[in-house]
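Visitor: Starting off with a structure, shown below.
The values are calculated or read from the model by the stated rules, or taken from the named source; none is laboratory data. Since this is a predicted model, take the numbers as computed values, not measurements. Positions of Cβ are generated from backbone atoms using ideal geometry, with glycine treated the same way; all protein chains shown enter the neighbour counts.
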């Protein structure tokens, strides 16, 4: 062959290179020499790429015995090598990657790489261990010592299902001080050796919740009886809408139990890493004889490899994790149910290429595996509610009441405009109502959750002069610098940009008028300082949870464990504390500022506000005693806040969907957002307008294309940003348009252009 090698080609493969080459969505063709056969789809190989034949890693997409075209046979390059160390991806995940690549307009190579954790590819923690067993044909004429006879007798006495065993184990049961007798038995053929490769990882703490299974309520029994028969009837999608505390997790456990008894396995997705310990504890408590694998980025590299291997080998019966756990290598024939808890949460959407939505990918995977999927939430996304109530492509199930023993909290809305007037213009952090309830809850032995969805000490640094409008902004971003203290009760501080993470000293005076600067507003750090100064509790009974305090997963899990055990009386934080927590001792929830998201220029602002308020208020009332939630707001008439306080989700959803329909916004339409980025404003504007003109030249009548405009956050990390959107009546029409634009090379997901299909943020 006149190709890269002189070896004969015996078959052909389509491969996708790892780096973001989007010009070949169906892959590149290479020949397979005899020495590398067989090669299967999902394997990682090395291929010569480009004119210089640069060795490049690539994923095998498909195999064929026939060349692409007879005329091209002589020009086809050959694979250089295959990566024997890397576990292959199963065929169904390769097909899923192809769908993600097409739907979300991302190169397939990086999409495949997303599915296989780095530690698995690198073999982190992989060890080869020697195991011993009695030889099938031991020598008859070789004498052995009494000690060797004893060793042989010890291993022979073991049940067959406990052999072969490791050297250290045999030394222990035979009471040996050295391995010399074992080595001589191996040398003379009395013991056979077996090399076994496995993943070693440090043990990590796993709490087990041993609570007995409760008796199902009538509502729960109706839901279980409706969903459980579908586990053996192929694909179906179910939306479980249950108020907070109604027992959705119990429904998940019962359905998982049904699937496992049928010989299947389950994937359970949660939106945040912080929710995995609590969910894992309940699953391991209810399934003590089953393996629960945990997959998320906060594990060590060796642990990630170990847990992935458990899923791939079939050892794990339940796979639990955050967004990326949807790619767990569970054999397609074994997968019997997928559960997406808190399906509304925007954490399921990845903000980097490939910009997939974990919930929607889970639906696609369930469809391929021909198994049911359950989407659960007390505050479903508008998309899921639309699909269940308007399009009827999923089945709605409801749990309208809390589980027995749980009381619904009393929710009070406090108008902070009145509170500010009473404080003579000073903006108070706590209203009188919340201060009173804090004292009451502490006096009765209750625990308190305080939500303020804003990090730092003060969100703004400004000039103290009323005649000066200077405010400190990041030199690299179009955003304000946030004041942080080194410690909550210390005055030593600095300012940080929450977009590019740049830090600098606090200016002593205004650069425009030389007047002193002041700190405006409150973040979680200031809230913590106020609480520590005013509430008579030991320091270790007050804790804060945000991304500044929970830098490691161990920090997060430790704080949540202590709060669950009642060691922490007051827990404050951002939205990290607003979802999934099930702590019986919480008698008070305080929402410090319910307006943090409601006025953002994003069509999902009201939806997010409703979800946040409803979710955090639902964290109390899960034990005995009176429970109350105080919602502080400067917009007490906002429907999202009023209806969340009244727990009227259906009314809110009806209002919101009507508004979306009238304005042509998702989910009544399907949307894609294009974000153009460059180093100067003028160049970015020019590139954005050029893209708009190119897309306008091919846009069909059904597609609504908006003109290019600066993003709300126009500059981030010295990169200017413009965006434009396209909306279509259906996903099929939008995909046809995107496929046309992609085929013409008008759009490519890269550093300078982000193609965000089904965006969840417009900022």
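Visitor: How many residues does region 325-334 hold that are farther than 14 Å from residue 256 by Cβ and touching a strand residue (DSSP E or B) at 6+ places or on another chain (Cβ under 7 Å)?
Guide: 3
Visitor: With the structure loaded, tell me whether residue 91 is surrounded by fewer than 16 Cβ atoms within 10 Å (Cβ to Cβ), in the same structural domain as residue 24 (by TED's automatic domain parsing) and within 30 Å of residue 358 (Cα to Cα) or whether it fails that test.
Guide: When the stated conditions are applied, residue 91 passes them.
Visitor: Just checking, does region 252-260 include any residue being modelled with pLDDT under 95 and surrounded by fewer than 21 Cβ atoms within 10 Å (Cβ to Cβ)?
Guide: No - not one qualifying residue is present in region 252-260.
Visitor: Given the residues 601, 666, which is the only one that is in contact with a strand residue (DSSP E or B) (Cβ under 7 Å, 6 or more places away or on another chain) and surrounded by fewer than 21 Cβ atoms within 10 Å (Cβ to Cβ)?
Guide: Just a single option satisfies the conditions, and that option is 601.
Visitor: Looking at the structure I just gave you, is residue 358 in contact with a helix residue (DSSP H, G or I) (Cβ under 8 Å, 6 or more places away or on another chain) and closer than 17 Å to residue 758 by Cβ?
Guide: yes
Conditions tested, residue by residue: (1) crowded, with 19+ Cβ neighbours inside 10 Å; (2) over 27 Å from the mean Cα position of the chain (by Cα); (3) modelled with pLDDT of 95 or more.
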residue: 589; (1), (2), (3): yes, no, yes
residue: 597; (1), (2), (3): yes, no, no
residue: 656; (1), (2), (3): yes, no, yes
residue: 683; (1), (2), (3): no, yes, yes
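Visitor: Could you go through region 541-548 and let me know if any residue there is over 22 Å from the mean Cα position of the chain (by Cα), modelled with pLDDT of 85 or more, more than 18 Å from residue 441 (Cβ to Cβ) and surrounded by fewer than 18 Cβ atoms within 10 Å (Cβ to Cβ).
Guide: Scanning region 541-548, I find no residue that is over 22 Å from the mean Cα position of the chain (by Cα), modelled with pLDDT of 85 or more, more than 18 Å from residue 441 (Cβ to Cβ) and surrounded by fewer than 18 Cβ atoms within 10 Å (Cβ to Cβ), so the answer is no.
Visitor: Only one of (1) under 40 Å from the mean Cα position of the chain (by Cα); (2) assigned to a loop (DSSP other than H, G, I, E, B); (3) exposed (fewer than 12 other Cβ atoms within 10 Å of the Cβ) fails for residue 175. Which number is that?
Guide: For residue 175, the failing item is (1).
Visitor: Restricting the search to region 102-115, which residues are under 14 Å from residue 758 (Cα atoms), in a helix (DSSP H, G or I) and either touching a helix residue (DSSP H, G or I) at 6+ places or on another chain (Cβ under 7 Å) or modelled with pLDDT of 95 or more (or both)?
Guide: Passing the criteria: only 103.
Visitor: Condition check: free of Cβ contacts under 8 Å to residues at least 24 places away in the same chain and outside the structural domain of residue 711 (by TED's automatic domain parsing). Does residue 478 satisfy that?
Guide: For residue 478, the condition - free of Cβ contacts under 8 Å to residues at least 24 places away in the same chain and outside the structural domain of residue 711 (by TED's automatic domain parsing) - is not met.
Visitor: Have a look at 316, 302, 309 and point out the one that is touching a helix residue (DSSP H, G or I) at 6+ places or on another chain (Cβ under 9 Å), in contact (Cβ under 8 Å) with a residue 40 or more places away in the chain and assigned to a loop (DSSP other than H, G, I, E, B).
Guide: 316
Visitor: Right, residue 501: outside the structural domain of residue 574 (by TED's automatic domain parsing) and either free of Cβ contacts under 8 Å to residues at least 24 places away in the same chain or in a helix (DSSP H, G or I) (or both) or not?
Guide: Criteria met by residue 501.
Visitor: Residues 708, 754, 728, 741: which one is free of Cβ contacts under 8 Å to residues at least 40 places away in the same chain and surrounded by 16 or more Cβ atoms within 10 Å (Cβ to Cβ)?
Guide: Of the residues listed, the single one that is free of Cβ contacts under 8 Å to residues at least 40 places away in the same chain and surrounded by 16 or more Cβ atoms within 10 Å (Cβ to Cβ) is 708.
Condition check ((1) closer than 23 Å to residue 620 by Cβ; (2) part of a loop (DSSP other than H, G, I, E, B)) across all residues:
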position: 210; (1), (2): no, yes
position: 241; (1), (2): yes, no
position: 250; (1), (2): yes, no
position: 258; (1), (2): no, no
position: 266; (1), (2): no, no
position: 271; (1), (2): yes, yes
position: 276; (1), (2): yes, no
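Visitor: Does region 363-370 contain any residue that is over 24 Å from residue 297 (Cα atoms) and touching a strand residue (DSSP E or B) at 6+ places or on another chain (Cβ under 6 Å)?
Guide: yes
Visitor: Within region 119-158, how many residues turn out to be out of contact with any strand residue (DSSP E or B) (no Cβ under 9 Å at 6 or more places or on another chain) and either farther than 27 Å from residue 42 by Cα or loosely packed, with under 12 Cβ neighbours inside 10 Å (or both)?
Guide: 16
Visitor: Report the residue count in region 507-519 for those that are surrounded by fewer than 15 Cβ atoms within 10 Å (Cβ to Cβ) and modelled with pLDDT of 90 or more.
Guide: Counting residues in region 507-519 that are surrounded by fewer than 15 Cβ atoms within 10 Å (Cβ to Cβ) and modelled with pLDDT of 90 or more gives 7.
Visitor: For region 40-67, how many residues are surrounded by 16 or more Cβ atoms within 10 Å (Cβ to Cβ), at pLDDT below 90 and not in a strand (DSSP E or B)?
Guide: 1
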